[in-house]
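Reviewing the structure listed below.
The values are calculated or read from the model by the stated rules, or taken from the named source; none is laboratory data. These numbers were taken from a predicted model, which means no experiment stands behind them. Cβ sites come from the backbone with ideal geometry, for glycine too, and all protein chains shown count toward neighbours. These accessible areas exclude ligands, DNA and RNA; they are computed on the full protein's heavy atoms, side chains included. Shrake-Rupley method; radii C 1.70, N 1.55, O 1.52, S 1.80 Å.
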Amino acid sequence: MNILGFSPEQLIAVLQLGFSGVAFVFLLMSFMLLKSEQSRETGPNDKMLRAIRQFSLMSLVFAVLVGGIALVDKSLGTGNTVSAQCEQAISRAKLLSQSPEQTADTLRGLIATTINQCGN
């Protein structure tokens, strides 16, 4: 099965990229619609071309918004930041969890302590 020139697995991988993947699929769909409309034997339908143009413009605006949001997010540095206290708690938990003396109860306590120190 072929969807927009992609296998279903490839399409799912693109959509797993989030909004940017959806924006890409929308732009690809508008291209495919335009290509199929222009290749009609009777000639392109003006109403259909206007609808495709509107869809293409909306897809382009969506793609620009996604790119703009990504740039703003990157410039503000709102990525995943972890405090030094949380990093220490995670490192400690990793080290202690590898100890053979750990039981299920002590591991639960270790996880709870780590979560409390990370503030979640």
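Remarks
- Only DSSP H runs of four or more residues enter the estimate; each adds -39500 (n - 2.57), and after division by the residues of the chain the mean residue ellipticity at 222 nm equals -24500 deg cm²/dmol.
- Within straight-line reach of LYS47, meaning a Cα separation under 19 Å, sit the following lysines at least 8 residues removed in sequence or on another chain: LYS35.
- Carbon + sulfur, % of accessible area of the stretch 44-120 - ligands and nucleic acids excluded, 1.4 Å: 61 percent
- Summing charges over all other residues whose Cβ lies under 12 Å from the Cβ of ARG53, with Lys and Arg as +1 and Asp and Glu as -1, gives 0.
- The residues of the chain expose on average 77 square angstrom of accessible surface per residue, using a 1.4 Å probe on protein heavy atoms.
- Magnitude of the charge dipole, the stretch 1-73, Cβ model with Lys/Arg +1 and Asp/Glu -1, debye to 20: 240 debye
- Taking the charge dipole of the chain about its Cα centre, with +1 at Lys and Arg Cβ atoms and -1 at Asp and Glu Cβ atoms, the residue from ASN45, LEU28, LEU60 reaching farthest to the positive side is ASN45.
- Cα centre as origin, Lys/Arg/Asp/Glu Cβ charges: the stretch 9-120 dipole, Debye: 300 debye
- Given 14 as the ceiling on other Cβ atoms within 10 Å, longest exposed-site-free region of the chain for GluC sites (Glu not before Pro) in DSSP loops: 42-100
- The chain: relative contact order in percent, alpha carbon pairs under 8 Å with at least 6 residues between: 19 percent
- Which labelled figure in (1) 6.6; (2) 9.2; (3) 12.6 is mean projected area of the Cα convex hull in nm², once derived from the coordinates: (3)
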